[in-house]
Amino acid sequence: MRVLILGGTSEARRLAEQLARDERFDAMLSFAGRTASVADPGVPYRVGGFGGVDGLCEHLRREGYHALVDATHPFAAQMSRHAAHAAERLALPLARLEEPPWQPVPGDRWLEVASMTEAAAALGPTPRRVLSSVGRLELAAFAAAPWHDYLVRAVDPFEPPLPRARVIAARGPFRLEDERALLERERIEVLVSKNSGTRSTYAKIVAARQLGIPVIMVRRPSVPVVASMSSVPEALAWLEAVHGASRTWRGV
Ligand code: NAP
């Protein structure tokens, strides 16, 4: 059974690794190609956009895929919308694999906001030392609050579009002691984060809690409702069910 996995997360990679070991499946992991280098996932993969919903439909048809797993980052909403529309148009089984959002626990000082624009406004009029992990493209919204000192963490280095910003290039997972050390060394006063729910980047939230640092937490964008799995084993079980239910690729 041919499966296209829309990637960009560690869950996508882990699912692809599992399927590569399972002879019932022939899986392809897809990356947008946003980062300068795609670390070889050790499984079949492709890189680059499809060309909107039409391009994705054409790709799925041409390559003969039988199922689609949307394991993109929760903030990659456009790709998720395209996947939902394409799956509907082609009547293709689609599931979404994503970790549930983080929930505040006692000790957390979160301010939840709906957008980057709201996050920038929530920093307030007084200059603050900010650690941002929201991503290169989303940083433009913070040009509305240029008086803060931004420490921006991103996978690849880039020239920040803000006058008082520095970029540190790093790829998770991050360890709690390193996150604490970073917050203390840089005298960070507030953290801005997307609610990705990603385990490998949660340490900064714990570190902020331990140090009493407030977090401006950007809520996830809404995406179409489709079958949803929160772990790789669940996604695998869903694929097994799809495999069992269809006779097309077994020639039965
Ligand atoms: P997006 O806004 O939802 O997607 C923009 C376009 O990029 C899509 O329309 C599609 O182009 C292409 N694309 C996205 N994901 C793709 C994939 N897995 N395979 C092939 N093409 C893909 O996405 P984004 O927020 O720019 O994120 C891009 C990628 O980075 C995603 O794969 C995501 O999982 C990963 N990522 C995103 C974030 C984040 O915060 N947004 C964080 C970590 C990782 P076409 O329309 O041409 O098909």
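What the table below lists for this structure:
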{"item": "Residues satisfying the stated conditions in region 1-15, i.e. under 17 Å from E63 (Cα atoms) and open to solvent by less than 40 Å² (accessible area, probe 1.4 Å)", "result": "M1, V3, L4, I5, L6"}
{"item": "Check on A27, crowded, with 21+ Cβ neighbours inside 10 Å, within 11 Å of the ligand (Cβ to nearest atom) and not in a loop (DSSP other than H, G, I, E, B)", "result": "no"}
{"item": "Looking only at region 62-95, and only at residues there that are among the charged types (D, E, K, R) and in contact with a helix residue (DSSP H, G or I) (Cβ under 7 Å, 6 or more places away or on another chain), the one that is nearest to the ligand (Cβ to nearest atom)", "result": "D70"}
{"item": "Matching entry among A36, A32 (being near the ligand (Cβ under 8 Å from one of its atoms), more than 19 Å from M229 (Cβ to Cβ) and either open to solvent by 50 Å² or more (accessible area, probe 1.4 Å) or of a type in the set (D, E, K, R) (or both))", "result": "A32"}
{"item": "Every pair of residues 6+ apart whose Cβ atoms lie under 8 Å, when the first sits in region 19-37 and is within 16 Å of V232 (Cβ to Cβ) while the second is β-branched (V, I, T) and part of a strand (DSSP E or B)", "result": "L19/V3; L19/I5; F25/V3; A27/V3; A27/I5; L29/I5"}
{"item": "For P93: the one exception among (1) more than 26 Å from A203 (Cα to Cα); (2) in contact (Cβ under 8 Å) with a residue 24 or more places away in the chain; (3) open to solvent by 50 Å² or more (accessible area, probe 1.4 Å)", "result": "(3)"}
{"item": "Conditions (1) farther than 18 Å from S10 by Cβ; (2) outside the structural domain of P127 (by TED's automatic domain parsing); (3) surrounded by 14 or more Cβ atoms within 10 Å (Cβ to Cβ): number failed by L236", "result": "(1)"}
{"item": "In region 120-135, residue most open to solvent (accessible area, probe 1.4 Å) [restricted to those that are hydrophobic (A, V, I, L, M, F, W, C) and more than 15 Å from A170 (Cβ to Cβ)]", "result": "A121"}
{"item": "Filter result for L19 (out of contact with any His (no Cβ under 8 Å at 6 or more places or on another chain) and within 13 Å of the ligand (Cβ to nearest atom))", "result": "no"}
{"item": "Test result for E138, assigned to a helix (DSSP H, G or I), out of contact with any Ser or Thr (no Cβ under 6 Å at 6 or more places or on another chain), open to solvent by 50 Å² or more (accessible area, probe 1.4 Å) and over 25 Å from G8 (Cα atoms)", "result": "no"}
{"item": "Complete set of residues in region 183-224 that are of a type in the set (A, V, I, L, M), out of contact with any Ser or Thr (no Cβ under 7 Å at 6 or more places or on another chain) and either more than 18 Å from Q103 (Cβ to Cβ) or more than 16 Å from the ligand (Cβ to nearest atom) (or both)", "result": "L183, I188, V190, A203, V206, A207, A208, L211, I213"}
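To keep it simple, each residue is scored yes or no on (1) open to solvent by 50 Å² or more (accessible area, probe 1.4 Å); (2) not small (G, A, S).
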| site | (1), (2) |
| --- | --- |
| R153 | no, yes |
| P161 | yes, yes |
| V167 | no, yes |
| A245 | yes, no |
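The values are calculated or read from the model by the stated rules, or taken from the named source; none is laboratory data. All values derive from a computational prediction rather than experimental measurement. Neighbour counts are summed over all protein chains in view; Cβ atoms, including those assigned to glycine, are modelled from backbone coordinates with ideal geometry. These area figures cover heavy atoms from the full protein model, side chains too; ligands, DNA and RNA do not enter into them. Shrake-Rupley method; radii C 1.70, N 1.55, O 1.52, S 1.80 Å.
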